[in-house]
1. Against the definition (surrounded by 19 or more Cβ atoms within 10 Å (Cβ to Cβ) and in the same structural domain as T221 (by TED's automatic domain parsing)), how does Y154 come out, yes or no?
2. When the residues of the stretch 136-168 are filtered to those that are of a type in the set (D, E, K, R) and not in a helix (DSSP H, G or I), which remaining residue is farthest from the chain's Cα centre (by Cα)?
3. Filter the stretch 92-112 down to the residues that are over 19 Å from V211 (Cα atoms) and either assigned to a strand (DSSP E or B) or touching a Pro at 6+ places or on another chain (Cβ under 7 Å) (or both) and list them by number.
4. Within the bounds of the stretch 223-242, is there any residue that is in contact with a Phe, Trp or Tyr (Cβ under 6 Å, 6 or more places away or on another chain), buried (at least 18 other Cβ atoms within 10 Å of the Cβ) and not small (G, A, S)?
5. Only one of E50, E82 is surrounded by 12 or more Cβ atoms within 10 Å (Cβ to Cβ), of a type in the set (D, E) and farther than 26 Å from A219 by Cβ; which?
6. Which helices (runs of 4 or more DSSP H) sit wholly inside the stretch 1-91 and have at least 1 residues that are modelled with pLDDT of 90 or more?
7. T190: part of a helix (DSSP H, G or I), of a type in the set (S, T, N, Q) and over 21 Å from S126 (Cα atoms), yes or no?
Amino acid sequence: MYIKNLFVLIHKKVYIIYIYSQKIMCLMISPRQIRAARALLDWKQSDLAEASGISLPSINNLEREIGSPRVDTFAAIQESLERAGIEFTSGNGVRLKNDIFEISHYQGDDFIEKQNDDLFFCMKNSDDEAVMCGLDERKFTIYAPDQVKRYEAYQRKTKFKERILIKNDDTFFLANPRVYRWISPELVGTIPYLVYKDRFVMIMWEQKRVVIIRNQGVADTFLKQFNFLWDIAEEIPASLHQDDKW
């Protein structure tokens with residue numbers, strides 16, 4: 001009986017390992033995608049080798065499907081290509097991120113939850129940044145109080161950066177006052193927006209609606225606008241920096 005149970009346990013472990021390895025293989029990009037990505041970027045194999053830190057002979061062998069490259073080799077290549085503006089899609093698909101133009105909208109009581117879901121998907125570590133313009137953060141406590149704590153917990157965990165433009169003399173802060181600046185209401189309009197990664201997001205409180213536009217060009221345009229406003233905005237006075245709280 002013991003031997004039989006041991007065999008079943010070993011069999012299950014082997015099966016789990018097999019399933020896990022199959023998932024890894026499914027997540028890896030293919031040599032065909034790597035070649036296509038280089039073509040879109042007009043890169044030589046030497047360019048990819050330099051960007052990824054993988055040797056030129058290894059790149060050459062991988063694209064010719066010679067040998068069995070390690071998973072971390074594929075990961076390094078994929079990361080370098082994605083940094084250069086490539087997106088890999090299902091079915092051996094490859095496209096430039098600038099070619100993406102997707103619009104998603106969420107309406108209803110969970111609209112802020114959906115927006116947070118998208119932001120959390122994009123914000124992974126301290127290298128990432130989200131900028132926000134024209135927000136009245138009191139609205140978060142009214143329309144989605146549960147999402148305030150969820151957002152704060154995720155931001156502290158990942159430490160992604162924030163910069164937030166609020167209207168002059170607004171002293172309601174959900175984050176450290178150092179990440180805020182004051183701006184004239186005439187310069188920010190009536191619809192607050194966020195920019196992160198390749199996303200431009202508009203929040204319409206009264207309609208309980210969020211619109212997310214995914215396009216690098218659109219995101220870059222509004223990020224430039226935000227940066228211009230940030231440079232002319234007024235820093236929050238030191239007297240409002242409650243260091244013991246933050």
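1. No; evaluated as a whole, the condition is false for this residue.
2. By that ranking, first place goes to K167.
3. G93, V94, R95, L96
4. yes
5. E50
6. Values: elements: 2-27, 31-41, 45-52, 56-63, 71-83.
Answer list for the stretch 1-91: 31-41, 45-52, 56-63, 71-83.
7. On the way: part of a helix (DSSP H, G or I): no; of a type in the set (S, T, N, Q): yes; over 21 Å from S126 (Cα atoms): yes.
Answer is no for this residue.
The values are calculated or read from the model by the stated rules, or taken from the named source; none is laboratory data. Note that this is a predicted model, so its numbers are computed, not measured. Every residue, glycine among them, receives a Cβ derived from its backbone with ideal geometry; neighbour counts consider all protein chains shown.
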